[in-house]
Amino acid sequence: MDSQLKAELGRLLQTRKHMNMNTYLDVCAFTILVYDYTLTFEYEVKYMWNSKCSLIKVLFFATRYPAFMDMSLVLYHQFGHNLSADLCSQLYQATGWMFIGGVAIAMVIIMLRTWAIWGRMKTIGCGLVSLFIITLAPACTLLARFIKSLSFIPISTLGSLTDGRGCLVTRADETILGGYICLTVFDTVIVLLTIIKVIRLRKRRKASSSTTFKTDRHVVHSKTLSTLVVTMYRDGLLYYVVLLGTFFTSVPVAIVLIEGKVLSVVSVVILLAVSIEFVILLMALQRVTYSVLSARILLHIRKVASVNEWQSSLGSMTKLVIRRPEEMATETGALELSRVGVGVQLSDMEGRL
């Protein structure tokens, strides 16, 4: 009997040690959120606060500020004193659903950006909506099962072995792993669509080198990709690589030991077999990453589009820049997304978003 008590006590102490690691990463995630906010607040005021109300503006604030509320609850269930098992359960439920809600908003922003670089094609739009549904719906279902499986005991159970802070998880199943995989599928498809578009655009530009066309009143030049188009592709590829990296790290971290067998994902190179306390190790970091990167996508687009508008107003009337159809479709979609109309060619965009 004494040996069983010692074994149980040892397991609880190990659980507490794992909880501390969760706490460290949650604090890191919150630090990243606050630091990014201080870096981008100036641009938010300049390009968002004074702009007209639109879907994009609503999405920006919806992805940016709720993350602070989410992280506040996360830090509370990590640092709160003498939290009851029921309160811990409620806090984990709230943070879990707020996490998936924040991710869903960020996914919508990412979808709009991808749709824009594809020239707002109907087939791409329908495909993205379908992708959103078939990845988010299972993720929500699996999250609900995971939250239901969580079991807690009061931290006071450890007595003098702990400072009485946080929640003590004693049981959790592996269903959250499926949620990670669903979101990874979404990001992977988005990356592939972006890469395909970049390859197609580069091939078309190589096939038709820079040319100059003479007209009666203008000299028309075909130039390099506009800053706005470059921003769309650069931000998309860079940010999605970061998101994919986060999820591919999360999947092995979410691996759970069940009946002596280790669940694994073939596509993940590094596999870590860890206990139940680690199943949500990177959830807060993922939430912050989605919020930060999706907000920056919109800020960068608006910033570059605003610069394009200013340069256009100062441009010479004796020259007219004409871009290839595919590039023009991408830039038009980007400008529509930014809600900053530039030139007469974009006059039909008002009110769509």
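Based on the Cβ-Cβ distance of residue 171 and residue 79, what FRET efficiency does E = 1/(1 + (r/R0)^6) give at R0 = 25 Å, to the nearest 0.05? Efficiency for this residue pair is about 0.65. Sorted fewest first by neighbouring Cβ atoms within 10 angstrom, 26, 36 come out as 36, 26. For residue 99, the shell of other residues with beta-carbons less than 13 Å away shows a net charge of -1, using +1 for Lys and Arg and -1 for Asp and Glu. For the pair residue 203 and residue 130, a Förster radius of 30 Å applied to the C-beta separation gives a FRET efficiency near 0.65, rounded to the nearest 0.05. Evaluating 6.51 cos²θ - 1.76 cosθ + 1.60 at θ = phi - 60° for every residue in the stretch 28-41, the Karplus couplings come out as 4, 4, 5, 4, 4, 4, 5, 5, 5, 4, 5, 6, 10, 4 Hz, glycine and proline recorded as x.
Just so you know, all these numbers are worked out from the coordinates, no wet-lab data involved. These figures come from a predicted structure and were not determined experimentally. Because the Cβ atoms are built from the backbone with ideal geometry, glycine has one as well, and the counts that use them run over all protein chains shown.
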